[in-house]
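Scroll down for the structure; my scribbles are underneath it.
The values are calculated or read from the model by the stated rules, or taken from the named source; none is laboratory data. The structure presented is a predicted model; accordingly, all values stated were derived computationally and were not measured. So basically every Cβ, Gly included, is an ideal-geometry build from the backbone, and we count neighbours across all protein chains shown. Surface areas here come from the heavy atoms of the whole protein model, side chains and all, with no ligands, DNA or RNA. Shrake-Rupley method; radii C 1.70, N 1.55, O 1.52, S 1.80 Å.
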Amino acid sequence: MKRITYSVVVDPDVDFSLADFARDVAICLADPNGWESKGYRFFQVKRNPQVRIHLTSKAGLRKVGCSDTLSCAELGGHEMRINADNWKHGSAKSGQDLDGYRQYVISHEIGHILGHDHAKCPGKGQLAPIMLQQTLGLHGCLPNTNV
């Protein structure tokens, strides 16, 4: 297993509990159908993480050069920004309930950190790849949170 350390941050202009965000992220990263199934293990640390996972406002997303309607992460990088509005409310276009959406977005963005770029729907009625931008829609695929 490849060990990845991470920390979580709720940006100062976001009204959300750091403890709740940290718990939810840990649950998502530990999903046995997520990146763990591909040989990764994630450990939350207080100092010197390999990855920082931010819960970020629209203004914060714009400030770092991301779209304010999506979450974003550096391809092969160390910084991941989760759109706070989407974290709180989900995305109807994703076809997921809130818990499913959160699982998808954490898995999708950590996929970028691990070096994976976006994928397309492989065909109508098939499960969406985790790297499909499900926030924007499914393009004929079925919602999916598994890697």
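Name the residues in the stretch 28-48 that are under 12 Å from the mean Cα position of the chain (by Cα) and either without any contact (Cβ under 8 Å) to a residue 24 or more places away in the chain or open to solvent by 40 Å² or more (accessible area, probe 1.4 Å) (or both), would you?
None; the set is empty.
Within the stretch 1-25, can you find the residues that are modelled with pLDDT of 95 or more, open to solvent by 40 Å² or more (accessible area, probe 1.4 Å) and closer than 21 Å to I130 by Cβ?
Across the stretch 1-25, the qualifying residues are K2, R3.
Go through the stretch 128-141 and give me each residue that's over 18 Å from the mean Cα position of the chain (by Cα) and under 27 Å from G77 (Cβ atoms).
Selection gives H139, C141.
Which one of L127, L138, L98 is touching a residue at least 24 places away in the same chain (Cβ under 8 Å) and over 22 Å from A59 (Cβ atoms)?
None of the others qualify; the one that does is L138.
Yes or no: the stretch 54-63 includes at least one residue that is free of Cβ contacts under 8 Å to residues at least 12 places away in the same chain and within 29 Å of G140 (Cα to Cα).
no
Quick check, is G90 out of contact with any Lys or Arg (no Cβ under 9 Å at 6 or more places or on another chain), without any contact (Cβ under 8 Å) to a residue 60 or more places away in the chain and either of a type outside the set (D, E) or within 17 Å of E36 (Cα to Cα) (or both)?
no
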